[in-house]
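Derivation of every value follows stated rules applied to the coordinates shown; laboratory data play no part. If you're wondering where the values come from, they're calculated on a predicted model, not measured in any experiment. Because the Cβ atoms are built from the backbone with ideal geometry, glycine has one as well, and the counts that use them run over all protein chains shown.
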């Protein structure tokens, strides 16, 4: 756990359901997509299993008693070599708390987890219109221009 003068960073575990649900609500607000993040949340047993498993990582930034940032990542074991990658699926910071180093601190915490697990890389995608995200990730990593495709399952 990392602490600064204005917020602390906490990796969430199976017993942190209240904080995890608050993180999801904050993400819904930050992404202006409340329905996706709050309308049909899984039950406690599902979330405990998710937080207790190795494949999922949730990290919250907390100021006082309020979640002001969050990161959700997945560990992806590779098949071509005995190693893994961590994929940042969602990263959000409450609008009132941006530009204070919270996103960078969340990624720093994930880097430590990646090192502990022997992962060889962390990757993330950003949409070009989201200039602050593109600037953050450019500062922290190497940019690759790729195409993203959603393939429906219906």
Subject >> Label-point separation in nm, residue 41 to residue 123, each point 7 Å along Cα→Cβ >> reply: 3.1 nm
Original post:
Between residue 54 and residue 144, 0.36 nm times their residue separation minus their Cα-Cα distance comes to what?
Top reply: 29.7 nm
Original post:
For region 2-140, what proportion of DSSP beta bridges, expressed in % and rounded to the nearest 5, is antiparallel?
Top reply: 85 percent
Subject >> At R0 = 25 Å, FRET efficiency that the Cβ-Cβ distance of residue 31 and residue 99 yields, to 0.05 >> reply: 0.90
Original post:
Rounded to the nearest 0.05, what FRET efficiency do residue 6 and residue 78 have when you use their Cβ-Cβ distance and R0 = 35 Å?
Top reply: 0.40
Original post:
Which residue, 57, 124, 142, tops the fluctuation ranking in a GNM of the chain built on C-alpha contacts under 10 Å?
Top reply: 142
